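Since the structure comes first, as structure tokens, the remarks are kept for the end.
The values are calculated or read from the model by the stated rules, or taken from the named source; none is laboratory data. All values derive from a computational prediction rather than experimental measurement. Cβ placement follows ideal geometry from the backbone for every residue including glycine, while neighbour counts extend to all protein chains displayed. In case anyone asks, the SASA skips ligands and DNA or RNA and just uses the protein heavy atoms, side chains included. Shrake-Rupley method; radii C 1.70, N 1.55, O 1.52, S 1.80 Å.
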Amino acid sequence: MAAVLPSSSLAPVAAGYSFSNPRSSVRFSQFKGLKIQSTRSSISTNSSSKIVPRGGRIVCESQNTAVEVAAVNDKTWKSLVVESDLPVLVEFWAPWCGPCRMIHPVVDELAKEYGDKLKCYKLNTDESPSIATQFGIRSIPTVMIFKNGEKKDAVIGAVPKSTLTTCIEKFV
């Protein structure tokens, strides 16, 4: 699990900042939200201790720029998906699934782009296994499109944004 670090201990990464150590050198272009956290070693001798800088770690801080797609579960399924006036995209996922984490930003982008024409939700299959079973989910991530409460299409796996866009365009 990643450690949470206070922002005060981090230095912002500016455009063109370079980070190097004896083995490698990395030059960053403009990346917002990346910060360098200094790594220091404490060396203790008989009479005093010294703090010696030892390079740094790159830490990414959230900028609150991503759209957070709402969760749907057993209790909210009917009201949010089945009774929706708009087409609905549902991403079936689980926290331990690597490909699911790869497709999350794509679903976030689609939610932003189709905001007034399509509703987007994420369903954690570990927390709502009955809905996953009802729709025959055997692999995740699976993205399904629902319209008028009925399943219209499904895409299995971490696919490119263009694949999902093609699927969505058939129903909006």
Quiz item: If you take the residues of the stretch 78-127 that are acidic (Asp, Glu) and in a loop (DSSP other than H, G, I, E, B), which of them is modelled with the lowest pLDDT?
Solution: Asp116
Exercise. Under 6 Å between Cβ atoms, at least 6 apart or on separate chains: pull out the pairs that start in the stretch 152-171 with a residue that is under 16 Å from Ala111 (Cα atoms) and end on any residue that is not in a helix (DSSP H, G or I) and not β-branched (Val, Ile, Thr).
Key: Cys167/Asp153; Phe171/Pro87; Phe171/Lys147; Phe171/Lys152
Quiz prompt | Number of the exception - Lys122 against (1) touching a Lys or Arg at 6+ places or on another chain (Cβ under 7 Å); (2) open to solvent by less than 60 Å² (accessible area, probe 1.4 Å); (3) under 14 Å from Val69 (Cβ atoms) | solution = (1)
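Residue-wise test of (1) open to solvent by 70 Å² or more (accessible area, probe 1.4 Å); (2) closer than 15 Å to Phe171 by Cβ.
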residue	(1), (2)
Cys97	no, no
Arg101	yes, no
Lys117	yes, yes
Ile131	no, no
Phe135	no, no
Practice problem: Inspect the stretch 157-170 for any residue being touching an Asp or Glu at 6+ places or on another chain (Cβ under 9 Å), in a loop (DSSP other than H, G, I, E, B) and open to solvent by less than 40 Å² (accessible area, probe 1.4 Å) and give the result as yes or no. | Solution: no
